[in-house]
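Everything below concerns the one structure shown next.
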Amino acid sequence: MLFNSLDFALFFLVVFAAYAALPARGQNRLLLVASYFFYGCWDWRFLSLIALSTAVDFTVARGIDRSENPRRRKGLLFLSMAVNLGVLGFFKYFDFFVGSAEALARTLGFDPPGLRLGLVLPVGISFYTFQSMSYTIDVYRRQLKPTRDFLDYALFVSLFTQLVAGPIERAAHLLGQITRPRTITWNGIQTGTWLFFWGLFKKVVIGDNVAGWADQVFSGSVAWTSGSVLLGVYAFALQIYCDFSAYSDMARGLGRFLGFDIMINFRNPYFARDPSDFWRRWHISLSSWLRDYLYIPLGGNRRGPRRTYLNLLATMVLGGLWHGAAWTFVFWGLFHGLLLAIHRFVRGETAQVDPPTVFGSAWRRLATFHAVCFGWLLFRAESLRDVAGMLAALVRNPGWSAACSAWTFQIVLLSLPLWFVQVLQERTGDSLAPLRLSLVPRTLLYAATAGGLILFANTGSRAFIYFQF
Amino acid sequence: MNPLPHPPNPKTPDAAERRWLRRYGWLLPLAGIPLGLWIGRKTWPAVLLVPTLATDGFDAKGLAIGLAIAALPLAWLAGLWFERRWPRTRRWSIAPVLAALALLLADVALRTNLGQSLFWQAVLARSGQQHQAREISLFRLEAADQAATPRPGIVLAGSSQLVYGIDGAQLAALTGQPVHRRAAAGMFPTELVASQGWFDFHPDNRVVLMLSGFDLGARHDLFPEAIRPLATLSGLRNLLGAARARFLLRRWRALVDLGSAAACEFWRSRDYARFLLEHPFRAAETAAAANETATAEQKDAYARLGANGEMVALCEEALARFFADLAGRCREIVVLEGQVNPAYPGGELADLSREARDLLQRLHRQGTVRFVPREEQVLDLPEDLWRDMTHVGPEGRRRLTEAFARALAKPAPAISPAP
């Protein structure tokens, strides 16, 4: 059940009506049932995986909390990690690693037996696994007291608003909101409506439409020239941002309706001034997760520059692998790790103090954006051979077709409201700045958003990109 | 004196707006009128894809656009003033209401003759090899013209069999009456009934259709994307009224879609708005793959003819309602029994043809329509006059048009009751 479907609209209306009528305790039970139903609509068999992860982490966290024996605590944490990463690794990476090993064996002249299982990846497994694991780790680190209510914990893991594509919430932030009574407010409905429809606009008007060109270029169905490749990469940069941030906005909007404050996952990432800034703005819940549970435990920047660079590379490679089981994701992660390491090397250990000039700032933003776009080329390409082919076309095959002009027109026109809102958010530092505009610009923005949804929404029900992760 | 004092927090959107207005607000009145006049001059060349088209240097519409742009800072300031004086708790709902009103006005503007002309001429100019875009734009342009100045005549309604089978100019010459085309490819009974609102623009119209068993069984389900561009409220009422509750419940998404299309011109035209967006500067080209897909879909349709009995029953009931409703809104409805290539493989077609004939004969007896069965059409269309299984070639087109003219010239034939 996609957020951008009539089925979901009906589902949410029913859930919201019942939710408004129930007392706090009943609200949580209702949301739990609704969340399992929501997830079961994709494939009910995989509900068992969520239930397993929930049961293991709930029990383990309570065991860790009760025990004062460091070995026992560590053993329990290891059990939680083993179950969560075991399930994730099996469903997501088994075929990848076996396939890679088979390919290597064939290269070396062996004839390995086919061991790949052709597993179906459970939707959102990477998100809820990481969310559930963070809870156990926080309890282990004594940063969090475990909950005694299993059903509340089950709701924390499975809350349908952000179950399948994040943000990856932390228990300290969301679980507290689950255990406390919540109220439905006009302010929540107002901001929730804006966030939901703005997310919908980004997804179905911008993301799904510009995907048309990105798909054509990356599948090779249009000739690769410098113009077509460049536009294809720009289109994909816009598509993935609009697609993924749309889901986060919609999740936040739905949360507001229900009285939750879901964390912000994106802060205008294409306005970033350097790679480090980019990762403070892009998929914030994952980058902060990787920082807190991987980079810092590896030593962070406390063990000298060389180790810091290695930690950055390892963290980003694993971050890339989190996105999917393919070498392109590994190289994408490695590329971003290198970017971060180079940036750190160039910048030195201390952040720049002088505020940049207008042109300096624009130049840095432009350079960062293009470096990120190069990363998207690695991320989206079907294979490394395609990456090489597209890069070669970019340099050696100049050309600009009529189709490029038409798509440029479409991309620019559809994304105009996006840039307006982003500039406003960036200048004010307020993600809800559009709601604080005065009457005339707000009316124009609402009309443009609604008009765009009516006229140009792609109703092909294209799933969110990050569902596959 | 500056009317916009500095607000205390320069980072709020309110402050950003005031700063913007103070710095750049004067540009809008200065550039607005020349910009409006330029838009007015360039609109038709852009719509018709003829950059060299000579247009007037000055026009009232361009001036109106220019004045609207010029007045924007004043409206903006009024909004800021209003925001300060209206209680915060109430004012949040004003902008959504105004936005809805603006969209409503835009929808009404698109329904006007000018709005329709601009939109559908733009689609027509870009239709190129996209036959459906060309047919729908011609349909809608004629409909807009008729809505502005209704003139009675022969209204040809039906599917591609009619589009490619009848020469409108030849029929007009033979009958001496104006011919209005309301036909498009894929306009089978579900689409035909849903588009009813486009046929009843004048009480003296003679609505002429060609129906056969093929039409009755051509759709194996409801296809909102085929119905949407021509959906009307009156037509949808007859189509959905004919369906059973369970059928409708299973297709509730389609109902939401079609209901929106019938009520809102923006939604009804959205496929072609997207078409314009995809072809802003030049006419569409059809890839060879698209033609192959179309041929494969046609073959699939032949194979699935009449596969869904529920749809056949829905079409029959919907047609009965449609004719009964339309009969009171026009002078006469003439239905010629259609035919397909004699080489068409039998299968379901014989049963469907019988059902279609039974239905039309019943309606004829009731006085709702004038049915002209095949044997009365004096029409010989051997295999070599067909370009495929359902569409005639040029000679077939000439003969079919003549048969239509003869049928329209004749008084209503008496049909004996079916045994």
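Count the net charge of all other residues whose Cβ sits under 11 Å from the Cβ of residue A:272, scoring Lys and Arg as +1 and Asp and Glu as -1. Its environment carries a net charge of +3. In units of the rule-of-thumb radius 2.2 N^0.38 Å, the stretch B:13-92 shows an alpha carbon radius of gyration of 1.48. Placing +1 on the Cβ of every Lys and Arg and -1 on the Cβ of every Asp and Glu, with nothing else charged, gives the protein assembly as shown a dipole about its Cα centre of roughly 3860 debye. Please return the longest range in chain A lying between exposed loop sites, taking trypsin sites (Lys or Arg not before Pro), DSSP loop only, at most 11 other beta-carbon atoms within 10 Å, and leaving the sites out. In chain A, the maximal stretch lacking such sites is A:303-469.
A DSSP coil position with no more than 12 other Cβ atoms inside 10 Å describes none of the chymotrypsin sites (Phe, Trp or Tyr not before Pro) in the stretch B:60-131. Which residue, B:201, A:310, B:163, has the largest displacement toward the positive end of the dipole of the protein assembly as shown when charges sit on each Cβ (Lys, Arg +1; Asp, Glu -1)? Of the options given, the answer is A:310.
Backbone amide hydrogens, once placed in the peptide plane, bring residue A:265 within less than 5 Å of nothing, excluding anything fewer than 5 places away on its chain. For the protein assembly as shown, the convex hull drawn through the C-alpha positions has a volume of 230 cubic angstrom per residue. Exposure proxy shown here: for A:248, B:260, A:361, the number of other Cβ atoms within 10 Å sets the order, fewest to most, as A:361, B:260, A:248. Applying the criteria of a DSSP loop state and at most 15 other Cβ atoms within 10 Å to the chymotrypsin sites (Phe, Trp or Tyr not before Pro) of the stretch B:238-288 yields B:281.
Taken residue by residue and averaged, Cβ atoms of other chains lying within 10 Å of the Cβ of B:99-106 number 4. For the stretch B:169-244, the list of trypsin sites (Lys or Arg not before Pro) that fall in a loop by DSSP and count at most 15 other C-beta atoms within 10 angstrom reads B:244.
Each Cα pair under 8 Å and six or more residues apart adds its separation to the average, and for the stretch B:139-208 the resulting relative contact order is 47 percent. Shape class of the stretch A:286-430 from the Cα gyration tensor (axes a ≥ b ≥ c, square roots of the eigenvalues): oblate, since a/c reaches 1.5 or more and a/b does not exceed b/c. With a Förster radius of 41 Å applied to the beta-carbon distance between residue A:186 and residue A:85, the computed FRET efficiency rounds to 0.40.
Based on the Cβ-Cβ distance of residue B:48 and residue A:346, what FRET efficiency does E = 1/(1 + (r/R0)^6) give at R0 = 60 Å, to the nearest 0.05? After rounding to 0.05, the efficiency reads 0.65. Using a cutoff of 8 angstrom between alpha carbon atoms and counting only pairs six or more residues apart, the relative contact order for chain A works out to 18 percent. A prolate overall shape is assigned to chain B, the ratio a/c of its alpha-carbon gyration tensor axes (a ≥ b ≥ c) being 1.5 or greater and a/b exceeding b/c.
Ordering A:37, A:119, A:154 by the projection of their Cα atoms onto the charge dipole of the stretch A:23-182, which places +1 on the Cβ of Lys and Arg and -1 on the Cβ of Asp and Glu, puts A:154 at the extreme positive end. Comparing mean-square fluctuations of B:307, B:226, B:245 from a GNM of chain B with C-alpha springs under 10 Å, the top value falls on B:245.
Dividing the convex hull volume of the alpha-carbon atoms in the stretch B:155-311 by its residue count gives 150 Å³ per residue. Among rounded, prolate and oblate, which fits the stretch A:23-182 when a ≥ b ≥ c are the square roots of the eigenvalues of its C-alpha gyration tensor, a/c under 1.5 means rounded, and a/b larger than b/c means prolate? Here the stretch A:23-182 falls in the oblate category. Beta bridges per DSSP, both residues in the protein assembly as shown: antiparallel share near 5 percent. Tell me, what is the FRET efficiency for residue B:38 and residue B:362 to the nearest 0.05, using R0 = 56 angstrom and their Cβ-Cβ distance as r? The value I calculate is 0.35.
Computed over the alpha-carbon atoms, chain A gives an Rg to Rh ratio of 0.96, Rh here being the Kirkwood radius from the mean inverse distance.
With q set to 0.13, 0.14, 0.18 Å⁻¹, the log10 of I(q)/I(0) for the stretch A:222-292, from the Debye formula over equal scatterers at the Cα positions, is -0.50, -0.56, -0.79. Distance between the modelled labels on residue B:296 and residue A:29, one decimal in nanometres: 5.2 nm (7 Å Cα→Cβ projection).
The numbers here are math on the coordinates, done by the rules we state, and not lab data. Just so it is clear, the structure is predicted and the values come from calculations on it, not from any experiment. All Cβ positions, glycine included, derive from the backbone under ideal geometry; neighbour counts span all protein chains shown.
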